[in-house]
Amino acid sequence: MRQEPNRRRTETLDYMQSMLGQLRTMAEAERCDMLAYLIEMAYVEVSDIVRGERPLRVGEEKRDRASGVSFQTPGKIKFQ
């Protein structure tokens, strides 16, 4: 029996979150502050995705985080 794609994705993200938590603990134990911080950011990102607060992919629509206003990336520039 095949699992639904959303269930498999959720299980994968839960596993990633668990592994990131363990890696963060290891980095903190070794006093690797920057590494622990970066792993923490990845952990938070996975948490946000699991809760549905962040999209799985970025780049489709970019937003200015300070103002929350959408903006489009520049397309091709035509030189004359």
Worksheet, complete the sentence: In region 24-66, anything open to solvent by 70 Å² or more (accessible area, probe 1.4 Å), assigned to a loop (DSSP other than H, G, I, E, B) and modelled with pLDDT under 95 is listed as GLU53, ARG54, PRO55, LEU56, ARG57, VAL58, GLU60, GLU61, ARG65, ALA66
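How about region 10-23: which of its residues are without any contact (Cβ under 8 Å) to a residue 24 or more places away in the chain and either of a type outside the set (Val, Ile, Thr) or not in a helix (DSSP H, G or I) (or both)?
Quick first cut of region 10-23, residues without any contact (Cβ under 8 Å) to a residue 24 or more places away in the chain only: 11-12, 15, 18-19, 21-23.
The answer is GLU11, TYR15, SER18, MET19, GLY21, GLN22, LEU23.
The values are calculated or read from the model by the stated rules, or taken from the named source; none is laboratory data. Only a predicted model underlies this, so the values are computations on that prediction, with no experimental measurement involved. No Cβ is skipped: glycine too gets one built from the backbone with ideal geometry, and neighbour counts run over all protein chains shown. With ligands, DNA and RNA removed, areas are computed over all heavy atoms of the protein, side chains included. Shrake-Rupley method; radii C 1.70, N 1.55, O 1.52, S 1.80 Å.
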